[in-house]
Structures are given as C-alpha cells and as structure tokens.
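The structure appears below as structure tokens.
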Amino acid sequence: MQAIAENLFTDEQPPRLIGGQSKASGRIVFPCPEGDEFEPVALSREGTLWSYTIQRFRPKSPPYQGPEAFEPFSVAYVELPGQVIVEARLTDVAFEDIAIGMKLEFAPMPFEKSTGETVLVPAFRPAAMAEAA
Amino acid sequence: MGDVCIIGIGIHPFGRTEGMSGVDQGVFAVREALRDAGLEWKDIQFAYGASEAAGNPDTMVDRLGLTGVQFINVRNGCAAGGSALFSAQMAIKSGECDIGLAVGFDKHPRGAFDAKPSEYNLPEWYGEAGYMVTTQFFANKIMRYMSLNGISRDTLGRVSEKAFRNGAKAPHAWRREPVPIDVILDAPMVSDPYSKFMFCSPAEGGVALILASEKKARELGITPIRLKAATMRTRPPGSFEVFAPSVDVERGGTATNIASRDAFEIAGIGPADVRVAQLQDTEAGAELMHMAENGFCADGEQEKWLAEGWTELNGKLPVNTDGGCLACGEPIGASGLRQVYENVVQLRGEGGERQVPGSPNTAYSHVYGAPGVSAVTILER
C-alpha cells in the first residue's frame, strides 16, 4: 500500500517516518521540508504519547479526503525521545484506553479516501512490550 | 509626556445580525464611540481599522464622512484588534497626532474557520488526512496541560458555566442564557475533552475606541481611562501552535509569556495589582492556561481558583466579565477590542449587573491566536 504522500516513510520493512534535520541548528522537524536547509533523517520507531484528542466530527472537505461515512479518529502527538514530537493517528487501541505517557511504536494505518483509494497515514500503536507486561 | 487615554467607546452587539455587513457594524460602533466622547467624526485625525473577513475598514469613510482622515487597515490574524490599538497609541505617543480611532469588526461564515494547507506552508496530505482543524490543536494542548498539572474536566465546565452566566448580564454578548454545568459536561463532544459548550464560535460584531493624548482629554473635560501598556508579540522557540505536524522536544515559552511580561514592565505593575482581567478564551481551557501564562497563578492552581470562585465577578480576580469569547463569539477583527471595551466599562463603574464590586482601578486584557501571536493591554483609571 502506498503512503498518502512521497517522502513520509522509509523504504525498509517495517518502515520509519522521515523527518528533516536542520543543517544549521540540528533541530529535527516532521515532515522533511523541501529545499536544501534540511537533511532527511529516519525517525525512531518507539515513542511515548505526549498528548491526544478524538476528532468527533467530519472535517470540512476540501481539504479532508476521508470517507463520507465518518468515524471519529484519534489525533495524537508522539514524543520520539531526543528527536521530535510528531502528529499522528493512534491505532489498535480503544479511545478509553489511551493514556498520556503510554509507550507506542510506529505502525502506519490504512486511510480510505472518498475516491475509493486506500493509502497509509502515519500512526502509532501500543508498544508490543507494554502489551506483554 | 502624559499617558495615552481612552476617551470614547462604542460597540455593536456580537453574535449574528442579519442584514448588516461587518462594515455596517463597525460604523455603528464608531458612531457610538463618538457619541460617548461627545465628538464628531471631523475631530478624528487618524484611524487604524482591523478586519479579517469583512472587507477593508477604510471603506467606512464613505459613511462617516470624507474628511480626508488618515485611515490605515490592519490585518494581523487574531491580534488584529490589538495591533490596531497598539498602532493608534504609537501615533499619539509620537506627538504626531492627539486624537484618533482604533476600530475592529468582522463577520464570519457559520461553523469552524476554514483553513487550507497551502496558506500555512503545509503539504496537501496534511489537510487530506483531516488535520486542518483548529479544534484538534486546542484539545491536544489542554489534554497535555491537564495531564501535567492535575486539571479536571469539571474545571473546564466551570469556565464555560461562568462565561454563560456573565454573558447573560452583558447586553453586547451573543449567548445570553446561563447553561447548567451538567449540560455543559454532558453535551456532545467536539474534540476530547471539549464538548460543544467549551468552544467559542466565529461570529460578528464591531468595536471602536477613541484615543487621545492626556492633554487633549483634559481640554475636552473628559475623565480618561489611561492606557498604561499595549504590547503585541510573536512566539519564541519551542512553542506549540495550531497546525503543527511536529513540535520541538525542547519545550519553550509562549507569545503570551512575552507580551504579558513586557506589558507589566512598561506599566510598572505586577499581576497582583490587576483587579479585572479579560483573557483569551476561545475554548474553556484557554482561559485556564492563560491565567498562568499571564502570571496570575501558577500552573495547576486553576483547579482551586475555579472551585473557590476566585474568577467570578465578586472573586479576587474576575476574569471575562462579559462572558468572553465563549459567550460573545469571536469576530476576529473586533474580539481583542471588545476586551478593552469591557475593561473601560468596568473601570468607569458602568457594568450594571456584571459590574465588578469595589471600584476596580486596574484592568488587563489578553489576546492569543495563530500563528503564535499575542497582544496585551493594561488600563488604569
């Protein structure tokens, strides 16, 4: 399955997010901006939940391209230690089980567009080790 | 040299007014302010006008009179009104002019503000995936804040409850019915933890303030309200702002921190000297976070402040005495000036049912908005 845009995920399996590191300051941002001021850098697969909310109404189209039949979805910020805090969905977790500080791992999830095409968007799920514990 | 003074105020009620354009509402507010000051339009030497979505403010000279007045339009996002006021006070401070106008109005379509990724230097996929939604940012910001500082959802409810209770007492407010806290907490969720009663809506309205030098105010025989400080500042590194696909791990301060600190320094007072405050409350949690960001309490103390009623009209620091954005809605160009209008009303002792007791002599106003801007004013009687 294709990512929702180019240059978001690395080619490896499983993939990682691609951030951009400022050549001048070393600061990391996501996604990697175009131009030559930032160097692409693969971001950590593991992180912790920094904050989140649940989107309860269908965002306006355009620009939203999700299905007409709306299901609420999570919008989270995940801290990748020493790198950057990235905005992403959460997957494989019930809304009521989401907790700030929980351990997460990168797991891109399918996003069905209103055109019928399905693409992958950045997402994290509870870390395997945390589940086993 | 003396202080810059506010000598006239006018407002067109906020909310929805069918059949009146944004400019109409701005003109209405200017006429009210002129009447309040006992002046005529020809007396005004200059004007700064703010509007985000309702046309060019300087077109109002058609209606007010073609006096050749200097009229500058200001478009500066959520800080537009504050920027107009800042600019107006500078014109007087410079000595170039001694009487002028700051006016703001707006008229937004219903529903959440529209935003396109390209306007914010963001990739298209960000909008396609459903992230160009301002409410997501506000919800994420308060979720983090609540988790770090022990703020309960009930406290968010208390902020909204107070807003609607105060709004019911303010003739210019939009929402004029009290809403019980259970209804607020149990209402449909927009973006967790916020229900629909915890967000303000885009709206309409107009506000005009007439400013003068202290010397001019004395000549006119008007008891002035003194503008002791007006600051407008942009964000420092490491702040968390709307439409952010990523945030720095190293956390920083906010535009509000800077605007507030500098305003207190210019006015030569501290947070404990303030008797009434209007703080940006586009959502219930914003009022709480802004209490701390402006220096009125420490992070986490809001839980006790709200439980004890310290921000009520008769509390130790009444906050958003006209119901704020939650009860008045947010016409962007007018919203920051509404706060100053309300503070002038309170300092004059003309608040009626919503008047803060004890003849308050110092009032504070604060705006915050995208993409990380803040404007603060401090008034003294």
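What follows draws every value from the coordinates through simple rules; no lab data is involved. Source: prediction; values computed, not measured. Don't worry about glycine lacking a Cβ; one is built from the backbone with ideal geometry, like all the others, and counts go over all protein chains shown.
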Please report, in cubic angstrom per residue, the volume enclosed by the convex hull of the alpha-carbon atoms of chain B. 133 Å³
Sites removed, the longest contiguous part of chain B containing no DSSP-loop GluC sites (Glu not before Pro) with at most 14 other Cβ within 10 Å is B:97-249
Mind giving me the FRET efficiency for B:Arg63 and B:Arg16? R0 is 25 Å, r the Cβ-Cβ distance, nearest 0.05 is fine. 0.70
Between A:Leu90, A:Tyr77, A:Met102, whose Cα lies farthest towards the positive end of the dipole of the stretch A:44-128 when Lys and Arg beta carbons carry +1 and Asp and Glu beta carbons carry -1, centred on the Cα centre? A:Tyr77
Rounded to the nearest 5, the percent of DSSP beta bridges in the protein assembly as shown running antiparallel is 80 percent
Cubic angstrom per residue, convex hull over Cα atoms of the stretch A:44-128: 98 Å³
Using 32 Å as the Cα-Cα cut-off, could you pick out the over-long pairs in B:Lys107/B:Lys196; B:Lys141/B:Lys169; B:Lys116/B:Lys316; B:Lys141/B:Lys304? B:Lys116/B:Lys316
Cut-off under 16 Å on the C-alpha distance; same-chain residues fewer than 8 positions from B:Lys216 excluded. Which aspartates and glutamates are left, in chain and number order? B:Asp3, B:Asp36, B:Glu40, B:Asp43, B:Glu96, B:Asp98
If one compares the long axis through the Cα atoms of helix B:134-149 with the longest principal axis of the Cα atoms of chain B, the angle in degrees, nearest 10, works out at 70 degrees
Using alpha carbons only, how many degrees (0 to 90, rounded to 10) separate the axis of helix B:284-293 from the longest principal axis of chain B? 70 degrees
Projected label distance in nm at B:Arg261 and A:Glu12, using a 7 Å step from Cα toward the beta-carbon: 4.1 nm
Counting only DSSP loop positions in the stretch A:1-90, the GluC sites (Glu not before Pro) whose Cβ has at most 12 other Cβ atoms within 10 Å are A:Glu6, A:Glu12, A:Glu34, A:Glu37, A:Glu68
Result for chain B, cysteines with no Cys Cβ partner under 4.7 Å, is B:Cys5, B:Cys78, B:Cys97, B:Cys297, B:Cys328
